[in-house]
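Undergrad: Submitted below is the structure of interest, expressed as structure tokens.
The values are calculated or read from the model by the stated rules, or taken from the named source; none is laboratory data. Keep in mind it's a predicted model, so treat the numbers as computed, not measured. Glycine gets a Cβ as well: all are built from the backbone with ideal geometry, and neighbour counts include every protein chain shown. Please note that ligands, DNA and RNA were not included when accessible areas were found on the heavy atoms of the full protein model with its side chains. Shrake-Rupley method; radii C 1.70, N 1.55, O 1.52, S 1.80 Å.
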Amino acid sequence: MAVERRIKEEIQKEIEAMGRDILNSIHNGVVAVDRRGIIVVFNKTLQRIFNCTEEYAVGKHIREIVPYTGLLKVLETGKSHIGRKFTIGGRIYLTNRTPIIRNGRIIGAVGVIQDITELQSVVDELQSVKDLKGTLETILDSAYDGLIVVNRDGMVTMVNGAFSTLLGTSPDQIVGRHVTEVMENTRMHIVAQTGRPEIGDLQRINGHDVVVMRIPIIKEGRTIGAVGKIMFKDVSELNALAKKINSLYSELAYYKDELKKYREAKYGLDNIVGNSEAIKRLKETTRKVAQSNSTVLIRGETGTGKELFAHALHMESCRRYAPFIKVNCAAIPENLLESELFGYAEGAFTGAKKGGQVGKFELANGGTIFLDEIGDMSLHLQAKLLRVLQEKEVERLGENKTRKIDVRVVAATNKNLEELIKKGKFRADLFYRLNVISLTIPPLRERMEDLEPLVYHFIGKYNHEFGVNVTGLAPACWNLFRNYHWPGNIRELANVIERAFNVVEGNTILVQDLPMYLQKYGRSGKVLVKQQTLQALLEQTEKAAIKEALSITKGNKAQAAKLLGISRAWLYQKIEKYHIEV
Ligand SMILES: Nc1ncnc2c1ncn2[C@@H]1O[C@H](COP(=O)(O)OP(=O)(O)OP(=O)(O)O)[C@@H](O)[C@H]1O
């Protein structure tokens, strides 16, 4: 009997040991308590979770080890807790707690704990992907443009409401089918294979001519599908857009042109060509007076370079980084000129812009305002201008508020202001106010030494613009130019040369390239009549011919002499005589 009992005890011990081994080798944490809540089982996984040994835990009340345990509630109620989550040390656990029942009585409770931290992060990620998919579907569906998506095999995976409406069916009739089954003439399945986008293709869908784009979906370098988008539901939409773009283009060209003019207009003293004493003196005076704020009146015939000097004054002054605003007083009707100069308040008159308009004086604040053709300003505006010059403040039309301004005024005219004063057409007080500093630019015919540098200046300019290589004028041209009286001054000269560039055939501008009126002038005999002496005329022609020959031969004197039919020694003598630079 004793042997048998010992064997039974041995077996019992073996079973208990086995049970403990099983409990200790499972991945989940296991804890069991008796009816009083005393711990009887506390496996290895749990020891790790709670950082506590089995020896320490077993025999202790569960509350000592797990203060907020739900096992006691299970003992009390006999009801299981399944799938409860809790967190320890930043990890997430899932626990199932069940009562242990023997003979219908609760004799204890067991808790099984599972670490679900990794699983939870996968679940979270899945949830955010689900949310994103939902958002994407909502966006796709509410998009005004029709959209369709196919996978690499050309099967439709997504389509939005706008697209399915165009096809005359619902999205669930489209998704899952091959794109060729739902749409005629489609190339979506081809783009999904080739990976080459197709943009702006014309396609007929369900009787509508639409403009589409097909873009491949590329992932990690591989084409995995394609997305199609209706760019224009109706070709007429495209026509309207094209018209709009065209008009925007011409607007852009206009502004580019204006900007170019504005930039080009930023002339400094270095851009004023001329070696005559008059020009040298004017440049010197400009440099000196640029620093003051006094009003400047620039006088001279049309085309003499008054505007050029106004710019140079601005560029030489410390106002150069502030605006330079030009107003042509002759080009703008009087009623508009007033609002142009002084601005207006909202509702100042019928047709006034909303928010009113800033006047040129305000725009020029800190800089210079150039009042061109001041002689053409009406007496009413002259009075207003005088007030602005005296008070240094402006008042917008329809507004009872004055605004301080700091503007340098430069005015120009080709009219005889003294005569206009006598006739009562120009205010004497304004004249004195404007004429604080006066710059008078002589006409070209009074400074003919500037002709040559000006001609070469314009040749250089138009060579650049036309992309050609004109080197000079034929001697007969020079002769004509030197004798002509240039009523339009430098502007006329520039225009004559520009015109010649349009018709010139070689590298030299000939008389036949000049405008008709100049050619006639050349034939009229005035050229010779005006010449002081025959000797002077001969010398001028000789000098021009030598320069021309040298420019044709690119400075090669031997070739130039040959061209002119003279000896080399003779050419050397002439070069020295006329101080020709080679
Ligand atoms: N000394 C110069 N050097 C280079 N270009 C000049 C010179 N003088 C005038 N020009 C050019 O001649 C043209 C006419 O000059 P600008 O407009 O300054 O004359 P203006 O006297 O203001 O004429 P208007 O009285 O008709 O307004 C411009 O293209 C200008 O660049």
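Undergrad: At a 1.4 Å probe, what is the % contribution of carbon and sulfur to the accessible area of region 135-233?
TA: Working: 2790 of 5240 Å².
Percent of accessible area from carbon and sulfur atoms in region 135-233: 53.
Undergrad: Something else: Compute the long axis of helix 117-142 from its Cα atoms, compare it with the longest principal axis of the Cα atoms of the chain, and write down the angle in degrees, 0 to 90, nearest 10.
TA: 50
Undergrad: With axes computed from alpha carbons, what is the tilt in degrees of helix 379-391 against the longest principal axis of the chain, rounded to the nearest 10 within 0 to 90?
TA: Its long axis makes an angle of about 60 degrees.
Undergrad: Moving on to the next point. Can you list the HN-Hα couplings for region 94-100, worked out from phi with the Karplus curve (6.51, -1.76, 1.60; θ = phi - 60°), rounded to whole Hz and with x for Gly and Pro?
TA: After applying 6.51 cos²θ - 1.76 cosθ + 1.60, I find 10, 10, 10, 10, 9, x, 9 Hz.
Undergrad: Among DSSP beta bridges lying fully in the chain, give the percent that are antiparallel, nearest 5. Don't jump to the answer; show the numbers that get you there.
TA: Working: 56 of 77 bridges.
Of those bridges, close to 75 percent are antiparallel.
Undergrad: Carbon-plus-sulfur fraction of the accessible area of region 303-354, 1.4 Å probe, in percent?
TA: Numbers: 1310 of 2460 Å².
Here carbon and sulfur together make up 53 percent of the probe-accessible area.
Undergrad: Here's something else I'd like to know. Based on the alpha-carbon gyration tensor of region 97-251 and its eigenvalue square roots a ≥ b ≥ c, which shape applies: rounded if a/c is under 1.5, prolate if not and a/b is larger than b/c, or oblate? List each step's numbers first, then the result.
TA: Working: a/c = 3.14, a/b = 2.93, b/c = 1.07.
It comes out prolate by the Cα gyration axes.
Undergrad: Using the beta-carbon distance between Leu132 and Thr169 and R0 = 22 Å, what value does 1/(1 + (r/R0)^6) give for FRET efficiency, to the nearest 0.05?
TA: Numbers: r = 27 Å, r/R0 = 1.22.
According to the calculation, E is roughly 0.25.
Undergrad: So, for region 446-577, what is the accessible surface per residue at a probe of 1.4 Å, expressed in square angstrom?
TA: On the way: 7190 Å² over 132 residues.
On a per-residue basis, region 446-577 sits at 54 Å².
Undergrad: Hey, another quick one. Assuming R0 = 30 Å, what is the FRET efficiency of Lys354 and Ala143, from their Cβ-Cβ distance, to the nearest 0.05?
TA: Numbers: r = 35 Å, r/R0 = 1.15.
Taking R0 as 30 Å, the efficiency between Lys354 and Ala143 is 0.30.
Undergrad: Residues in region 50-90 near a label at Asn24, defined as backbone nitrogen under 15 Å from the 7 Å Cα→Cβ point?
TA: Only 52-58 pass the distance filter.
Undergrad: With Cβ to Cβ distances under 13 Å as the rule, what net charge do the other residues near Tyr93 carry (K, R +1; D, E -1)? Could you put the intermediate results ahead of the total?
TA: Numbers: positive: Arg48, Arg84, Lys85, Arg91, Arg97; negative: Asp115, Glu118.
Its environment carries a net charge of +3.
Undergrad: While we're looking at this one, here's another question. When a/c is below 1.5 the answer is rounded, else prolate if a/b is larger than b/c, else oblate, so apply that to region 446-577 with a ≥ b ≥ c taken from the square roots of the Cα gyration tensor eigenvalues. List each step's numbers first, then the result.
TA: Values: a/c = 1.92, a/b = 1.22, b/c = 1.57.
Since a/c reaches 1.5 but b/c is at least a/b, the shape of region 446-577 is classed as oblate.
Undergrad: Could you give the alpha-carbon Rg of region 388-485 over 2.2 N^0.38 Å, rounded to two decimals?
TA: Details: Rg = 22.1 Å, N = 98, 2.2 N^0.38 = 12.6 Å.
The value comes to 1.76.
Undergrad: Over all distinct Cα pairs, what is the inverse of the mean 1/r for the chain, reported as the Kirkwood hydrodynamic radius in Å? Write down the numbers at each step before the final one.
TA: Details: mean 1/r = 0.0283 Å⁻¹.
Answer for the chain: a Kirkwood hydrodynamic radius of 35.4 Å.
Undergrad: Continuing with the same structure: Subtracting the Cα-Cα distance from 0.36 nm times the residue separation, let me have the gained length for Ser438 to Met231 in nm, one decimal.
TA: Working: separation 207, 0.36 × 207 = 74.52 nm, distance 6.36 nm.
Using 0.36 nm per residue and subtracting the Cα-Cα distance, I get 68.2 nm.
Undergrad: By the scheme Lys and Arg +1, Asp and Glu -1, what is the net charge of all other residues having a beta-carbon under 14 Å from that of Gly59? Write down the numbers at each step before the final one.
TA: Details: positive: Arg36, Lys60, Arg63; negative: Asp34, Glu54, Glu55, Glu64.
Counting the neighbours of Gly59, the net charge comes to -1.
Undergrad: Extension gain Gln390-Gln193, at 0.36 nm per residue separation less the Cα-Cα distance, in nm? Can you show the working numbers first?
TA: Numbers: separation 197, 0.36 × 197 = 70.92 nm, distance 7.82 nm.
Extending this stretch completely gives an extra 63.1 nm.
Undergrad: Quick one: if the Förster radius is 35 Å, what FRET efficiency do Ala253 and Gln519 give, using the C-beta to C-beta distance and rounding to 0.05?
TA: Numbers: r = 35 Å, r/R0 = 1.00.
It comes out at approximately 0.50.
Undergrad: Can you work out the accessible area per residue across region 135-233, with the rest of the protein chains kept in place, probe 1.4 Å, in square angstrom? Write out the running numbers ahead of the final one.
TA: Working: 5240 Å² over 99 residues.
Accessible surface, normalised per residue, equals 53 Å².
Undergrad: A follow-up question, please. Taking the chain as the reference, fit the longest principal axis to its C-alpha atoms, fit the long axis of helix 235-264 to the helix C-alpha atoms, and give the angle between the two in degrees, 0 to 90, nearest 10.
TA: 50
Undergrad: Net charge near Ala310: determine it from the other residues with C-beta under 9 Å of the C-beta of Ala310, scoring Lys and Arg +1 and Asp and Glu -1.
TA: Working: positive: Lys306, Lys326; negative: Glu307, Asp372.
Every neighbour counted, the sum reads 0.
Undergrad: Just to confirm my numbers, what's the Cα centroid distance between region 58-125 and region 431-469 in Å?
TA: Spelled out, the Cα-based centre of one part sits 100 Å from the other.
Undergrad: Now for a separate question. Evaluated at 25 °C with a viscosity of 0.890 mPa s, what Stokes-Einstein diffusion coefficient in µm²/s does region 265-442 have when Rh comes from the Kirkwood expression over alpha-carbon pairs?
TA: Values: Rh = 16.7 Å.
So the translational diffusion coefficient is about 147 µm²/s.
Undergrad: Hey, another quick one. Over region 19-115, with the other protein chains present, what is the accessible area per residue in square angstrom, probe 1.4 angstrom?
TA: Working: 5830 Å² over 97 residues.
On a per-residue basis, 60 Å².
Undergrad: Another one. Would you calculate a helix-derived [θ] at 222 nm for the chain, using -39,500 (n - 2.57) for each DSSP H run of n ≥ 4 and dividing by the full residue count, to the nearest 500? Don't skip to the end; give the middle numbers.
TA: Working: 26 runs with 277 residues, N = 582.
Rounded to the nearest 500, it is -14500 deg cm²/dmol.
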